[in-house]
Amino acid sequence: HNSLKNPQTMKALILVGGFGTRLRPLTLSLPKPLVPFANMPMVMHQVEALVAAGVDHVVLAVNYRAEIMEREMTKHAERLGIKISMSLETEPLGTAGPLALAKEILKDDKFFVLNSDVICPFPFKEMIEFHNKHGREGTILVTKVSEPSKYGVVKYDESGKIDSFVEKPQIFVGNRINAGLYFFNPSILDRIELKPTSIEQEIFPAMADDNNLYAMDLQGFWMDVGQPPDYLIGMCLYLNALKENGDDKLSTLSESIVGPVIVHPTAKIGRDCKIGPNVVIGPGVTIGDGCRLQRCTLMEGCVVKSHAWIKSAIVGWRCTIGAWARLEGITVLGEDVMVKDELYLNGARVLPHKSIKASVPEPTIIM
């Protein structure tokens, strides 16, 4: 019976969790994993990288029923020829409890666990190799940060064996932090009960005490893009990585396109615009003449009228930005927002379906 089993069957659990309140107003329209990042649903960046590393069954751990997500994920699963299932928590189970909830699916073989908001080059094949080489229970990816005092620092020796975790260190103990991407032997499931549990605070320290947890250093950029300022930082890092790799996802440079920019083939751009660096333009977007766009993303169906100026902004689906309008300061527009001509928005967070008729000079939430 075992000879019929695909030897490559490999699984991954993505910790999606709740509603994505930190990314409102965008998550008022779509569950966070489906919010576009560089013209692709956020979670699909992870799923496609997992599939490339040989994963054929992805489990999304969610604590709310999202039919829209199930429908969308079924389409992607068919396209990629894999299985995607939902594991629904009736109470929030933290970062370790979901492993216990999905135990029946995960218990047969080694598996990945991912935090859903992370964007990086996803070195999953290298993680498998590194993990098999040290032969212990778990591998966590770590990334270098410039300000370790804001995070939990991972201390490990030159072989990668983790010695300890130091939460928000006040003196310098190291600059590698947990990147939120893991690879485990199924024996980790014996450590986790079906109750709210933190993998970082409860399970990992116990594994490190047994010499059972190793750290692999991530080469390249890393960002948790779960809130607007970090979404834009992550977008810039992602676009610049595409540029370094000469990736054909980027639009060809021209007089109007400067630096790394992704323009969807169905978007229409007027004359005398200057777009870039670090801009993503979604499907069906229309941009008028003489517009200036930098460090921003425009989602599907937006209309930007002539001579608008947009910098450091996330413009949700089907918005209209008036002529000579100016958006900056991490302005985030929910779906179907209308900004009248010649208005100035600085750090505005606007809920879906609003019409903005007056300038917003200071960061404000517009209900």
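Please treat every number below as a calculation from the coordinates, not as lab data. Values in this document were obtained by computation on a predicted structure and should not be read as measured data. Cβ atoms come from the backbone with ideal geometry, glycine included; neighbour counts cover every protein chain shown.
Building the convex hull from the alpha-carbon atoms of the range 189-235 and averaging its projection over directions returns 5.2 nm².
Suppose every K and R has +1 on its Cβ and every D and E has -1 on its Cβ; what is the size of the dipole of the chain about the Cα centre, in Debye to the nearest 20? Write down the numbers at each step before the final one.
Details: 39 positive and 42 negative charges, 188 e Å.
With only Lys, Arg, Asp and Glu charged at Cβ, the dipole is about 900 debye.
In this calculation the C-beta distance from ARG271 to THR9 is compared with R0 = 56 Å, giving a FRET efficiency of 0.55.
With contacts taken as Cα pairs under 8 Å at a separation of at least 6 residues, the chain carries a relative contact order of 12 percent. The stretch between LYS168 and ASN211 holds 13.2 nm of extra length on full extension. This uses 0.36 nm per residue minus the Cα-Cα distance. As an equivalent ellipsoid, the range 140-194 spans semi-axes of 23, 13, 10 angstrom, where each value is the square root of five times an eigenvalue of the C-alpha gyration tensor, largest first.
How much length is gained on full extension from THR252 to ARG71, taking 0.36 nm per residue of separation minus their Cα-Cα distance? Here the answer is 61.7 nm. Checking the Cα-Cα distances for LYS32/LYS357; LYS32/LYS103; LYS110/LYS249; LYS103/LYS125; LYS11/LYS107; LYS274/LYS357 against a 21 Å cut-off, the pairs over it are LYS32/LYS357; LYS32/LYS103; LYS110/LYS249; LYS103/LYS125; LYS274/LYS357. Counting every alpha-carbon pair across the chain, the share separated by more than 35 Å comes to 29%. Placing R0 at 56 angstrom, the Cβ-Cβ distance between LYS103 and GLU362 gives a FRET efficiency of 0.65 after rounding to 0.05. The count of lysine pairs in the range 134-235 that are at least 8 places apart or cross chains, and whose C-alpha atoms lie under 20 Å apart, stands at 5.
Rounded to the nearest 10 degrees, the angle from helix 228-244 to the longest Cα principal axis of the chain is 80 degrees.
Placing unit charges on each Cβ (+1 for Lys and Arg, -1 for Asp and Glu) gives the range 20-98 a dipole about its Cα centre, and among SER85, LEU50, PHE37 the Cα reaching farthest toward its positive end belongs to PHE37.
Here the label points at LEU242 and LYS125, each 7 Å from Cα along the C-beta direction, are separated by 2.2 nm in the simple model. With 0.36 nm allotted per residue and the present C-alpha distance subtracted, the MET86-GLU48 stretch has 12.0 nm of extension available.
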